[in-house]
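Step one of this worksheet: look at the structure below.
The values are calculated or read from the model by the stated rules, or taken from the named source; none is laboratory data. All of these numbers come straight from a predicted model, not from anything done at the bench. Positions of Cβ are generated from backbone atoms using ideal geometry, with glycine treated the same way; all protein chains shown enter the neighbour counts.
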Amino acid sequence: MAALPIAADGKLGDATEVVKGAGATSVALDRAGTFTFVSDHASDKVMKFSFDAQAGKLRPATPAFLQLKTGSSPRRMLFRPDGKFAYVLNEKASTINVYSYDVATGALTEAQVISTTPEFYDGPNTAIDLQAHHTGKWLYVSNTGHDSIVQFNVDGEKGTLTYVEEQGTGGRHPRQFGLQPNSMHMAISLPDTNQVLASRIDEGNGRLKPSGIFAEMPAPAAVRFLPPAGGEK
């Protein structure tokens, strides 16, 4: 894992910090930029560091890691937009761990563990990506095996999740997906069919409304939207 400075012209400078030895799959900073969390799928841990934003330096925090259940393989950690709750997506276990978050200390307190697939499904699956609606009301997960995007309601007070529905993706093995900054649309990568599927999102209930529009491209692994320039949607 490395920390790299971004210059005013957008260019990246030399790394100010390199942490070796972690099987890192993703990095998440809390909203204050005080603590950094690294999902280490090999050790079933989420490593915790304090972050000095001025110097670009990382230091092990106390405790140094969050231990997950053996075989979970944490892939991605995500904070709710208000920063009060954190969600860890477990690749092999196909689960999400929900944590309340103490901004001052960086402490994580487990509140829930929930499956990324519906109760009736008992086939193979790998949980791939996790994204939050900009309002914090809904959470979305991509499943490879079940081949779906699953939507969860997010409890405003407790941060816990409730399964809403799954949507097919029109192709096999969806991978990472992107949410438009205003959460009006989702773009889902389908590398096996060399496509990206565009889907509308209902602003009232957060449900996906597949458009039937596919963009052709070679084996897309991930989709991310750039922040809008000038503040426009």
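Taking the options GLY136, GLY83, GLY106, name whichever one is assigned to a loop (DSSP other than H, G, I, E, B), closer than 16 Å to ARG31 by Cα and in contact with a Pro (Cβ under 6 Å, 6 or more places away or on another chain).
Working: GLY83 fails: in contact with a Pro (Cβ under 6 Å, 6 or more places away or on another chain); GLY106 fails: in contact with a Pro (Cβ under 6 Å, 6 or more places away or on another chain).
Answer to the check: GLY136.
So which of GLY83, GLY33 ends up being within 21 Å of the chain's Cα centre (by Cα), modelled with pLDDT of 95 or more and exposed (fewer than 14 other Cβ atoms within 10 Å of the Cβ)? It would help to see each step written out before you state the result.
Values: GLY33 fails: modelled with pLDDT of 95 or more.
Sole residue among the options that is within 21 Å of the chain's Cα centre (by Cα), modelled with pLDDT of 95 or more and exposed (fewer than 14 other Cβ atoms within 10 Å of the Cβ): GLY83.
Which of the residues belonging to region 101-125 are among the polar types (S, T, N, Q) and either in contact with a Lys or Arg (Cβ under 7 Å, 6 or more places away or on another chain) or buried (at least 20 other Cβ atoms within 10 Å of the Cβ) (or both)? I'd like the intermediate steps shown before the answer.
Keep residues of region 101-125 that are among the polar types (S, T, N, Q), which gives 105, 109, 112, 115-117, 125.
THR116, THR117, ASN125, listed by residue number.
When the residues of region 139-151 are filtered to those that are free of Cβ contacts under 8 Å to residues at least 40 places away in the same chain and assigned to a strand (DSSP E or B), the one that is nearest to PRO81 (Cα to Cα) is VAL150.
A Cβ distance below 6 Å, combined with a sequence gap of six or more or placement on separate chains, defines the contacts here; from region 119-135, residues that are at pLDDT 95 or above and small (Gly, Ala, Ser) reach residues that are assigned to a loop (DSSP other than H, G, I, E, B) and crowded, with 20+ Cβ neighbours inside 10 Å in the pairs ALA127/GLU91; ALA127/SER94; ALA127/THR116.
If the requirement is being hydrophobic (A, V, I, L, M, F, W, C) and over 17 Å from the mean Cα position of the chain (by Cα), which of these qualifies: VAL103, VAL113?
Exactly one of VAL103, VAL113 is hydrophobic (A, V, I, L, M, F, W, C) and over 17 Å from the mean Cα position of the chain (by Cα), namely VAL103.
Restricted to region 163-188, and to residues that are in a loop (DSSP other than H, G, I, E, B) and over 15 Å from the mean Cα position of the chain (by Cα), which residue is surrounded by the most Cβ atoms within 10 Å (Cβ to Cβ)? In this case the residue turns out to be THR169.
Scanning region 9-26 turns up no residue that is in contact (Cβ under 8 Å) with a residue 40 or more places away in the chain, within 19 Å of ASP102 (Cα to Cα), small (Gly, Ala, Ser) and in contact with a strand residue (DSSP E or B) (Cβ under 7 Å, 6 or more places away or on another chain). Screening VAL98 with (1) closer than 18 Å to THR34 by Cα; (2) crowded, with 21+ Cβ neighbours inside 10 Å gives one miss only, at (1).
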